[in-house]
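Everything on this sheet refers to the single structure shown next.
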Amino acid sequence: MAGSSTASTASSFAPLRQQAFAVLWGAAVLGNIGIFMRDVASAWLVTDLSASPAAVALVQTAASLPIFLLAIPAGVLSDILDRRRFLVFVQLSWRQ
């Protein structure tokens with residue numbers, strides 16, 4: 001039982017003590033808040049412009065469809081390709 005006390009006393013917030021993790025976590029939280037705000041604002045705007053529930057559904061579908069369609073292929077590519085070469089390729093092709 002004495003050996004398991006280390007695992008039970010570790011805090012859930014222990015990873016936040018690492019500066020890089022805390023910065024990335026904070027950026028992810030702020031980014032998600034921004035995405036949620038955009039989703040609410042776009043739905044609200046569509047309800048002001050149109051009384052059609054289908055229009056609101058289409059806006060929400062248009063916002064989430066690219067993520068739904070591209071998440072699995074992006075994960076497969078990230079597992080298959082050499083990350084360094086892919087990053088160099090993307091950065092060089094994006095600037096041109």
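What follows draws every value from the coordinates through simple rules; no lab data is involved. The shown structure was predicted, so the numbers you read here are calculated from the model rather than taken from an experiment. A quick note on method: Cβ atoms are made from the backbone with ideal geometry, for glycine too, and the neighbour counts reach across all protein chains shown.
Taking 7 Å steps out from each Cα toward its Cβ at residue 43 and residue 61 produces label points 1.6 nm apart. Would you please give the FRET efficiency between residue 21 and residue 84, computed as 1/(1 + (r/R0)^6) with r the Cβ-Cβ distance and R0 = 30 Å, to the nearest 0.05? Given R0 = 30 Å and the Cβ-Cβ separation, E is 0.85. Taking the C-alpha atoms only, the angle from helix 53-80 to the longest principal axis of the chain is near 40 degrees. For segment 13-95, rounded, prolate or oblate, judged on the Cα gyration tensor with a ≥ b ≥ c (square roots of eigenvalues), a/c < 1.5 rounded, else prolate if a/b > b/c? Oblate.
Taking 0.36 nm per residue of sequence separation and subtracting the Cα-Cα distance, how much length would be gained by fully extending the chain between residue 51 and residue 76, in nm to one decimal?
Gain on extension, residue 51 to residue 76, equals 4.9 nm.
Counted by Cβ distance under 14 Å from residue 31, the other residues give a net charge of 0, where Lys and Arg count +1 and Asp and Glu count -1.
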